[in-house]
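Everything below concerns the one structure shown next.
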Amino acid sequence: MEKNKIETGFSSDAKKEPRRVVFVAKKTSAKVVGDPGPQLMTYPHLLIREAIAFQLLVIVMVLVALFWDAPLEQLANPLLTPNPAKAPWYFLGLQELLHFFPPFVAGILIPTLVVIALVVIPYFNVNVEGKAIWSRPAQNLRIVLVTVFLLLAFLAVFYAWTIFLPTALVAALLLFSYTARAGEKGSFQVLARKPVSWWVMTWFIAVALCLTVVGTFF
């Protein structure tokens, strides 16, 4: 009598069971029970909506261009250099960093670290759902307080108030969410359920926007 062959495989639901091992006998397959939820075809449902949104955006941009001129300056004069010289808008954030940090730090070190982070982060075993930042209140509160204090002190030493302000605002929201974590409803209680990655990205976007706005209008 031939023995049953045992094969190994992984669960098809990697979100709920990322490391579950399933033993399948013979040629049968594991039955995955779950509601796939409502489904729609890409065409025509998604593509038609995207086409409509694209046309509306084009119409709005054309109307704006008809009624308002682009804020262009006079023709460039090679004998007259504007003071201060402004980089393109997508580099204004980096240019603003030069007011606070040495050129090597602002122009090379910080952009390099950001690029490396964007490359490396996808290779980490990141939880899809993410645990709330206050899942361990006492321990995480100490870590947050120490991190925020050191970061704000570092920015204050370099007089980097453009970065200090959004950092302080995000830190204040984070601490307010700690006090409201036990509530049932409320905006701060919703923030208390956000993971660490959400807070880091919020801080990064706030700093980038603040640097760009200050570099554009001031």
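The values are calculated or read from the model by the stated rules, or taken from the named source; none is laboratory data. The structure displayed is predicted, hence computed values, not measured ones. Neighbour counts run over all protein chains shown; Cβ positions are idealised from the backbone, glycine included.
Worth pointing out:
- Considering the conditions (1) over 30 Å from the mean Cα position of the chain (by Cα); (2) within 17 Å of residue 217 (Cβ to Cβ); (3) among the aromatic types (Phe, Trp, Tyr), residue 90 is excluded by exactly one of them, (1).
- Residue 192 vs. criteria surrounded by 15 or more Cβ atoms within 10 Å (Cβ to Cβ) and at pLDDT 90 or above: no
- Selected residue [surrounded by 10 or more Cβ atoms within 10 Å (Cβ to Cβ) and either in contact with a Ser or Thr (Cβ under 7 Å, 6 or more places away or on another chain) or of a type in the set (Gly, Ala, Ser) (or both)] from 85, 70, 65: 65
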